[in-house]
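Chemist: Starting off with a structure, shown below.
The numbers here are math on the coordinates, done by the rules we state, and not lab data. From a predicted model like this one, the values you see are computed outputs, not experimental measurements. As a convention, Cβ positions derive from the backbone with ideal geometry for all residues, glycine included, and neighbour counts pool all protein chains shown.
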Amino acid sequence: MLTKIIVLSIYALVIIVVGIIGLRKTQSFKDFFLGGGKVGAIMSAFSYGATYFSAVIFIGFAGKIGWGFGYSGMWIGILNGLIGTLAVWALLGWRVKKMSVEMGVHTLSEYFEKRYESPMLKLIASVAIFIFLIPYSAAVFIGLSYLFASSFEGLQYWHAVIFMGVFTAVYIVLGGYKSMAMMDTVFGIIMTAGVLVLFGYTINAGGGLAKITSTLQAINPKLVARVLGMVLSQ
């Protein structure tokens with residue numbers, strides 16, 4: 001328990017320090033929402049990856065989808081990587097960036113308004129972002145709160161939710177997007193290293209991929225199916 005508290009304290013301290021650094025560099029609207037346009041490719045990549053593949057992957061996907069679909073569940077991760085990440089940035093990212101600079105806009109809603117000369121489209125985009133960001137944010141908070149509640153004995157779920165909400169609000173207000181990108185880069189590196197360590201540990205503990213596969217097949221053959229190995233109903 002003491003180790004967990006120390007790690008969590010270091011985590012919180014790093015976030016606060018990064019937030020303060022970001023706050024000192026935030027002088028304008030552009031700085032707060034876009035990091036002054038100087039975030040860079042590496043930080044942008046880690047920020048996108050750490051946000052897109054956070055609690056959804058490590059808690060929801062690994063636990064629910066992983067056990068519910070078995071090996072075939074990996075297609076979700078592969079397609080998310082190819083379409084949700086690579087295709088989005090390769091096909092749209094650089095074009096949107098280039099046109100945003102040319103038109104002098106700062107948000108996606110403003111981009112739609114200027115690009116298609118439609119104030120109504122700006123309103124629709126703003127409402128859509130607001131509405132769909134709620135369940136996404138809720139999923140992340142739920143995942144992290146369950147993680148904290150299960151890791152710290154005596155900590156109730158709603159305590160974790162309140163803590164995460166207040167803490168998130170504080171560090172976002174401190175430095176805006178630049179602070180978020182800096183923190184996502186640090187924790188994105190940690191997540192990447194963690195995945196590699198966890199993969200190696202799992203393969204080693206399971207006695208190799210072949211043995212893991214045979215064990216899963218003995219439990220339920222659908223767990224090792226290549227496509228649609230859904231076993232949730234069983």
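Chemist: What lysines could a cross-link reach from Lys222, if we take a straight Cα to Cα line under 28 Å and drop same-chain neighbours fewer than 8 places away?
Modeler: Within the straight-line cut-off, Lys222 pairs with Lys64, Lys211.
Chemist: From Cα coordinates alone, what are the radius of gyration and Dmax values for the stretch 133-201 in angstrom?
Modeler: When restricted to the Cα atoms of the stretch 133-201, Rg and Dmax are 14.0, 38 Å.
Chemist: Tell me the mean residue ellipticity at 222 nm calculated for the chain from its helices only (DSSP H runs of n ≥ 4, each -39500 (n - 2.57), averaged over every residue, nearest 500).
Modeler: Mean residue ellipticity at 222 nm (helix-derived): -23500 deg cm²/dmol.
Chemist: Could you work out how far apart the two model spin labels at Ser9 and Arg226 are, taking each label as a point 7 Å from the Cα in the direction of the beta carbon, and quote it in nm?
Modeler: Taking the two extended label points, one gets 5.3 nm.
Chemist: Quick test of the membrane-span-like rule: which DSSP H helices of the chain reach at least 30 Å along their long axis (C-alpha atoms) with mean Kyte hydropathy at least 0.5?
Modeler: Qualifying helices, which must be both long enough and hydrophobic enough, are 2-25, 119-151, 157-205.
Chemist: Hey, what did the chain get for relative contact order, percent, Cα under 8 Å, at least 6 apart? Present the calculation step by step, with values, prior to reporting the outcome.
Modeler: Details: 184 pairs, mean separation 95.6, N = 234.
In percent, rounded to a whole number, it is 41.
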